[in-house]
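The structure under discussion appears below in the form of C-alpha cells.
The values are calculated or read from the model by the stated rules, or taken from the named source; none is laboratory data. Small disclaimer: the values here were computed from a predicted structure and weren't measured. Backbone-built Cβ (ideal geometry, glycine too); neighbour counts: all protein chains shown.
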Amino acid sequence: MRVAAPAPSRVLRHRVQREGSAGSQPPTLPQLHAAAATTGAHSSWVIGGKAAVPHSRPFIASIQMDGQHFCGGFLVWPRWVMTAAHCPVPRREPSVRVVLGAHSLEQPEESQQVFGVEESIAHPLYNPRTVDNDIRMLRLNHTATLNAFVKRIRLPRPRIDLKPGTLCSVVGWGDISNYGERPIQLMEANTTIVKRSLCRTLWKGRVSGNMLCGASRNATLQGVCAGDSGGPLVFKGKVYGVVSFSGERCGDRRYPDIYTRISNYIDWVHHVVLSHRQPPGQRKDKPGPEKAEGDQGAAGWGRPGFPRPPPAPRGLMFNGN
C-alpha cells in the first residue's frame, strides 16, 4: 500500500527452469526486482493506506527470499498459505521462507514464526499472459502454532460474488510510493468493489469471471502496488480475493486493482490440501530445491502488457451490478 506520487506498477514474473535442468536455480532477489522494473507489468503494494494496528491481521504472511519480502500471502490452514500464482515461490529452497506473526519486517519479533516451503502448487490453468487463475497454495514445512499473533482466515462459500459497492480492505508490506519506498510496518487500505462489466471495459476485455475489481471511491491514489502481490482482499472476516495486478499508476481509479476471485477455486483448494496429506509413517522426499509444481518450465521474465484503459465514466464505477 502506498501514499505517494504516481509511477509504473508491476506484476512480478520469474523464470523457472525445468526441474533437473542444468543450472536450475531460483531467481535471486535482485533478479526479481530487475524483472519487475523492466516490464510493463504491475506488482502490488498498498498506496494511500495507513499503518495497521499491530497484529490485528494475524493471518497475513510475508514471503521472503534471502530475508527480503517479495510477495504477500495469508494462512488458510495451519500448514497452508495462499498466494498468487505469479509469485515465483520454489519449493524446498533454503533461501525462501514464509514469515507469520509479523508486523514489522525490519526487526525480529517474538511473535514471528518462520517456515520453509515444502510444496508450491500453482493452479494448473494459470495463464501468465492473461494472468487468469492467478492462485497458488504453499504447504509449509511444519504446522503453524495458532495463537493471538498467528491465525487462519476463513474462505468464502463456493461461487459467491461480492456486490459492486462492497467496502473491503487490503493489507501488505508493498511499496508506499512509486519510487520503491518500503514501509516499516504492515499497511492497510480500503477498496470498493467495482462492477465487473465496467472493469472489463476499462481493461479492454482482460477481466474474466475469475477476477474481482476494486478501487478507491474518493482518494486520488489508493490501492495495491508492488510487493502486495499475493495478499488478501478481506470482507467481514473472510478472504475473497488474492492481489493479482494493477494499473500503470498504483491506486489510479481509472485502473481498478484486480484480485483473483477465491470463491471460484474452493474445490481446487480442497483437492490440493487433501491430496497432499501425508499418511502416517510415510517417508518424506529427499530435500533439495525444486521448481514449483504447476509452473511452466523456462517461463519468460516479464508480465503481460495491459493496454492503458480510458478514464472511467463518472458515477458509473460503483453503481449497479
Six or more apart or on different chains, Cβ atoms under 8 Å: show the pairs whose first residue is in the range 105-118 and under 20 Å from ARG136 (Cβ atoms) and assigned to a loop (DSSP other than H, G, I, E, B) and whose second is aliphatic (A, V, I, L, M) and modelled with pLDDT of 95 or more.
GLY116/VAL96; GLY116/VAL98; GLY116/LEU140
With criteria (1) at pLDDT 95 or above; (2) within 28 Å of PRO256 (Cα to Cα); (3) not in a loop (DSSP other than H, G, I, E, B), ALA85 comes up short on (3)
How many residues are closer than 13 Å to VAL114 by Cα and within 12 Å of the chain's Cα centre (by Cα) if we restrict to the range 76-103?
1
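Return the total of residues in the range 173-184 being under 15 Å from PHE70 (Cα atoms) and modelled with pLDDT under 90.
Initial filter on the range 173-184 (under 15 Å from PHE70 (Cα atoms)): 173-176, 180-184.
Imposing the further condition that a residue be modelled with pLDDT under 90 reduces the set to 174-176, 180-184.
Count: 8.
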Filtering the range 182-217 for residues that are farther than 15 Å from CYS250 by Cα and assigned to a loop (DSSP other than H, G, I, E, B) leaves a count of 13
Somewhere in the range 243-254, is a residue buried (at least 23 other Cβ atoms within 10 Å of the Cβ), within 17 Å of PRO156 (Cα to Cα), modelled with pLDDT of 80 or more and not charged (D, E, K, R)?
yes
Exactly one condition in (1) touching a strand residue (DSSP E or B) at 6+ places or on another chain (Cβ under 7 Å); (2) buried (at least 16 other Cβ atoms within 10 Å of the Cβ); (3) not polar (S, T, N, Q) is not met by PRO128; state its number.
(1)
Is there a residue being of a type outside the set (Phe, Trp, Tyr), at positive phi and modelled with pLDDT of 95 or more anywhere in the range 158-172?
yes
ASP134: out of contact with any Gly (no Cβ under 6 Å at 6 or more places or on another chain), buried (at least 16 other Cβ atoms within 10 Å of the Cβ), under 25 Å from ALA226 (Cβ atoms) and not hydrophobic (A, V, I, L, M, F, W, C), yes or no?
yes
Within the range 225-242, residues being touching a residue at least 60 places away in the same chain (Cβ under 8 Å), surrounded by fewer than 24 Cβ atoms within 10 Å (Cβ to Cβ) and on the phi > 0 side of the Ramachandran plot number 1
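Confirm whether GLN222 is buried (at least 17 other Cβ atoms within 10 Å of the Cβ) and touching a residue at least 12 places away in the same chain (Cβ under 8 Å).
The answer is yes for GLN222.
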Looking at the range 95-104, can you tell me whether even one residue there is modelled with pLDDT of 95 or more, aliphatic (A, V, I, L, M), in contact with a Phe, Trp or Tyr (Cβ under 9 Å, 6 or more places away or on another chain) and not in a strand (DSSP E or B)?
yes
I'd like to verify a number: residues in the range 134-175 that are of a type outside the set (A, V, I, L, M) and not in a loop (DSSP other than H, G, I, E, B), how many?
6
Which residue out of ARG157, ARG196, ARG152 is of a type in the set (D, E, K, R) and under 12 Å from ASP257 (Cα atoms)?
ARG196
